[in-house]
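**Q** Got a structure here, written out as C-alpha cells. Questions coming.
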Amino acid sequence: MRRPEERPALCWLASYPKAGNTWVRSLLGKLLAGTPGPELALAGVHAAARGWLDGLAGLDTQELTHDGLERIRPDLYNAAAGRGPGWLFVKIHDALHRTGEGRWLIGESPQARTIYIARHPMDVACSLSHHYQVSLDEAVRRLCDPSCALSERTDKARAQARQRLLDWSGHAASWLDEPSAHALLVRYEDLKADPHRELWRMCEHLGLSPAEADVDRAVAGSDFRRLAQAEQRQGFGERINPGVPFFRKGEVGGWRRELSDAQVDRLLTHHRPGMQRLGYLLPDGSPA
Amino acid sequence: MMYTAYGLAIHSDFDLPELSSAPPGAAADLGILLDDQVPEALDGAVQAGLYAQAKDGDLLLTVPEVACIWVKGGREIRVRAMPGADAESVRLFVLGSGLGAALMQRGFLVIHGNAIEVDGACMICVGPSGAGKSTLAAGFLGRGYRVLADDVVPIDAQGRAWPGFPRIKLWQDAAAELAIDTEGFQRIRPGMDKFNVPVMGRDVSQPLPVKWVYELNPQAVEDFAMAELKGMAKLPLIQQNTYRLNYVAPLGLQVSHFKQCAALAGQVKVARVTRPTKPFRLQELMDVLLEDAHAQA
C-alpha cells in the first residue's frame, strides 16, 4: 500500500439513498477525467462495497459479522486515506454515527471532506418506492424509521456491508452537524436549477480550480436525459430490478402527483424541523 | 487429532469436526498448532491489507476479535486465539484463509469457488459474494451430484482439483429456497445465519481433472446468458477468481501463480454465466450449466 503522503485524501459523497449521489459522482467523475470517457463513468468507490473493503482489510469481510465489520470500518478508511494531493471520492449512504467502540464510522482523517447531497424527502420517498419496488407507504415508513438500514440481513450473502441510515432528518443532521466531517450541503433541486453553480461550489470546497470548459463538459455529460438514454442502450450497474430503469424521471416535485395526503402529512409531521432547516418548507409551513 | 483433507494428513491441536478423520499413525504433512507466542506483527513484513502480512513466504493474519494465525511454509498453521473468541470463529478462519494460504505455499493454484463432480471431471463455479456459489453447490447435491470442495479449491500441476472435506457452508436464505431444515446444523460462527452442512458420503475422495470454470454474474436481467471466453481472455477470469488473490504477490508467488493460471486456462472451458438476480431460478441455472458441460463431451 502506498504511503499516506502519496495517497489522495478522502472526499465523502454522503446522501440518503435516491438523493442524487450518482449524479454528483457523474459530475465529479467527468470533471476530473480530463478527456471524454464512458458515458456512465462515475467518480470513486462505494464505502460499503465488499470488494473494496476486502482489499483494504486483507480478509473476506463476508466472514465478519455486521457488528464486527462496523467496528473495523474506521481503521479501513484510515488505511485508505492519504493527505493528497487529489481526492478519492467515496459514496456513502451510512448516517455519520459512532461505532460500538465510540469512534466515528469514517475514521479519523483530518484532510477528509464531505459533500452532503440532500433531496426533498417526498421526492425521495417516490424514487425509493420505484427503485426498491416497495409501496409508497413502505417507502414513507422507512424515511421515518430511525432504525432503517441497508443490507442488514444475516441470512444471505450481501455485496455490501450493513449501512445504518437513521431517518431522513437524522441522516442529514448527522453529517451536517459534525464539524470534523467538513460537509458542504448540495441540494438536488439546486443541482437541477443551476448545475454549473453547484459544481463550482463543490470544486471550491475541495480546493479545485478547473477550467470553465471542463465544468461545461462535465455538466453536459451528466445531463439526465443523456444518462437515461445511455442506460437504455447499455444497462447500468446500479439498477436492481429488470425493467425498472435507474435513471427514471429525475424531476423535482413529482411527489405532488404520487403521494396521498396522508403520506404527505406523515412525512411533514415527522420531518418538519429537518425540512425547515434544508429549505424544503414554504413560509407558510407547507412543503415546497 | 489426525485428519485428512486435500490429500494431506493434518495433525491438529484442536477439534476440526468438519474434516474427515485420518488413521492416527499417519505422519503429518501439515500441523495446526495452538501457540500463544504467535506475534501480532512480523518485522519487515509486506502488508497484504490491514490484517494480513507476509514475510519470507509466511503469512500472518490478525483477524479482529478472533485469532492471530501464522501460516508457515505450507507445513504449519500456528494459532493464538484472542480472549473471548469462540471455537467456531477460530475454525472458520483457520480452515478458510489459513488452510488456503498453506495450500498456496505448498504450490497449489487455489481457486475461490465451489467444485462438483460431473462425469468424472470437475466443474468449478466462481463469482463474487452473493453470486450463488454455495446455493448452487447445495442444488447440485440435491440432484445427486457429489461435492469436491467448498470455497477453497486447490489445483495441482496436472490440472487436478483435490477434494477438501465433506461439508458445504449454506446461508439460511438458500436453505429455505431448497427446503433444507437448518435445525440441528451449526452456524459457521455466531451472529451469522450461515450453516455448516455435512455432506458425508456425497463427497468425492479422489482428485479430478478440471474441465469447466463457470463464473456466475448476477444482473438485473430477465434471462440467462452464457458467454464463452476463448484464448487469452480466459486468463484474467481465472486470475481474478483466485482464492485470496491479494496474498499472492506478498507471498512471492506471482510468477508461479501466473504460470498456473495460464496452464489451467489451456485445459478448461471458461464461460461467464449471466443470471437474473430475482428470482434465483436455481433449477434453471443448473440446467444451463449441465447442458453446456455435457455439450462438450
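**Q** Trypsin sites (Lys or Arg not before Pro), restricted to segment A:221-256: which are DSSP loop and have at most 16 other Cβ atoms within 10 Å?
**A** Passing both the DSSP loop test and the Cβ count: A:LYS249.
**Q** Straight-line reach from B:LYS194: which lysines have Cα under 17 Å away, leaving out those fewer than 8 places along the same chain?
**A** Result set, ordered by chain and number: A:LYS156, B:LYS133, B:LYS169.
**Q** I've got another one for you. Suppose every Lys and Arg Cβ carries +1 and every Asp and Glu Cβ carries -1, with no other charges. What dipole size does segment B:1-72 come out with about its Cα centre, to the nearest 20 debye?
**A** The calculation lands at about 220 debye.
**Q** Need one word for chain A: rounded, prolate or oblate. Basis is the Cα gyration tensor (sqrt eigenvalues a ≥ b ≥ c); a/c below 1.5 gives rounded, then a/b vs b/c decides.
**A** Judged from the Cα gyration tensor, chain A comes out rounded (a/c under 1.5).
**Q** To the nearest 20 debye, what charge dipole does chain A have about its Cα centre, counting +1 at the Cβ of each Lys and Arg and -1 at the Cβ of each Asp and Glu?
**A** Dipole size: approximately 340 debye.
**Q** Hey, what's the per residue convex hull volume over the C-alpha atoms of segment B:1-149, in cubic angstrom?
**A** So the per-residue Cα hull volume is 140 Å³.
**Q** Distance in nm between label sites at A:GLU108 and A:LYS249, each 7 Å beyond Cα in the beta-carbon direction?
**A** According to this spin-label approximation, the distance is 4.6 nm.
**Q** Please compute, for peptide B:63-73, the average count of beta-carbon atoms on other protein chains lying within 10 Å of each residue's beta-carbon.
**A** Taking all residues of B:63-73 together, the mean is 2.
**Q** Mind giving me the nanometre distance, one decimal, between the label points for B:SER21 and B:ASP119, set 7 Å out from Cα along Cα→Cβ?
**A** Reported label-point gap for B:SER21 and B:ASP119 is 3.9 nm.
**Q** Enumerate the residues in segment A:238-264 having an amide nitrogen under 20 Å from the point lying 7 Å beyond the Cα of A:LYS192 toward its Cβ.
**A** Answer for segment A:238-264: A:245-261, A:263-264.
**Q** I need the calculated FRET efficiency for the pair A:THR35 and B:GLN240, taking r as the beta carbon distance and R₀ as 25 Å, to the nearest 0.05.
**A** 0.40
**Q** If r is the Cβ-Cβ distance from B:GLN206 to B:SER129 and R0 is 45 Å, what FRET efficiency results, to the nearest 0.05? Don't jump to the answer; show the numbers that get you there.
**A** Details: r = 30 Å, r/R0 = 0.67.
Taking R0 as 45 Å, the efficiency between B:GLN206 and B:SER129 is 0.90.
**Q** For a paramagnetic label modelled at 7 Å from the Cα of A:ILE240 toward its Cβ, which residues of segment A:247-288 fall within the zone defined by backbone nitrogen distances under 19 Å?
**A** Those under the cut-off are A:247-250.
**Q** Let's see if you can work this out: charge +1 on each Lys and Arg Cβ, -1 on each Asp and Glu Cβ, no other charges. What is the dipole magnitude of segment A:64-182 about its Cα centre, in debye to the nearest 20?
**A** So the magnitude is around 340 debye.
**Q** Taking the Cα centre of the protein assembly as shown as the origin and placing charges on Cβ (Lys, Arg +1; Asp, Glu -1), which of A:HIS97, B:LEU19, A:TRP255 is farthest toward the positive end of the dipole?
**A** A:TRP255
**Q** Could you state the number of Å between the C-alpha centres of segment A:32-54 and segment B:149-206?
**A** 34 Å
**Q** As I understand it, the dipole of segment A:208-288 uses +1 on the Cβ of Lys and Arg and -1 on the Cβ of Asp and Glu, about the Cα centre. Which of A:ALA228, A:LEU208, A:LEU282 lies farthest toward its positive end?
**A** The Cα lying farthest towards the positive end belongs to A:ALA228.
**Q** I need A:SER151, A:SER135, A:SER169 ordered by Cβ neighbour count within 10 Å, fewest first.
**A** Ascending number of Cβ neighbours within 10 Å: A:SER135, A:SER151, A:SER169.
**Q** Same structure, new question: Shape call for segment B:205-264 from the C-alpha gyration tensor, a ≥ b ≥ c root eigenvalues: rounded (a/c under 1.5), prolate (a/b greater than b/c) or oblate?
**A** In terms of gyration-tensor shape, prolate.
**Q** Of all GluC sites (Glu not before Pro) in segment A:100-150, which ones are in loop regions per DSSP and have a Cβ with at most 10 other Cβ atoms within 10 Å? Walk me through the numbers before you get to the answer.
**A** Working: sites: A:GLU101, A:GLU108, A:GLU138; in loops: A:GLU101, A:GLU108.
Sparse-neighbourhood loop GluC sites (Glu not before Pro): A:GLU101.
**Q** With 10 angstrom as the radius, rank A:GLU198, A:GLU212 by how many other C-beta atoms surround their C-beta, starting from the fewest.
**A** Sorted ascending by nearby Cβ count, the order is A:GLU212, A:GLU198.
**Q** How many Cβ atoms of partner chains, on average, are near each residue of A:150-156 if near means within 10 Å of its Cβ?
**A** Mean shielding by partner chains, rounded to a whole number: 5.
**Q** Could you state the number of Å between the C-alpha centres of segment A:173-242 and segment B:27-98?
**A** Segment B:27-98 and segment A:173-242 have Cα centres spaced 44 Å from each other.
**Q** Just want the answer: with Cβ charges of +1 for Lys and Arg and -1 for Asp and Glu, which residue in B:GLN186, B:GLN158, B:ALA138 is farthest toward the dipole's positive end in segment B:104-190?
**A** B:GLN158
**Q** Does segment A:184-267 classify as rounded, prolate or oblate by the C-alpha gyration tensor (a ≥ b ≥ c root eigenvalues; a/c under 1.5 gives rounded; else a/b over b/c gives prolate, otherwise oblate)?
**A** Verdict is oblate for segment A:184-267.
**Q** Going 7 Å from the Cα of A:GLU258 toward and past its Cβ, which residues in segment A:117-153 have a backbone nitrogen under 14 Å from where you end up?
**A** A:119-143
**Q** Just to verify a number: FRET efficiency for A:ARG272 and B:ALA233, C-beta to C-beta distance, R0 = 41 Å, to 0.05?
**A** Efficiency for this residue pair is about 0.10.
**Q** Run the numbers on segment A:75-198 and let me know its relative contact order in percent, using alpha-carbon pairs under 8 Å that are six or more apart.
**A** Answer for segment A:75-198 is 30 percent.
None of the figures in this text is laboratory data; all of them are computed from the coordinates on show. From a predicted model like this one, the values you see are computed outputs, not experimental measurements. Positions of Cβ are backbone-derived with ideal geometry, glycine not excepted, and every protein chain shown enters the neighbour counts.
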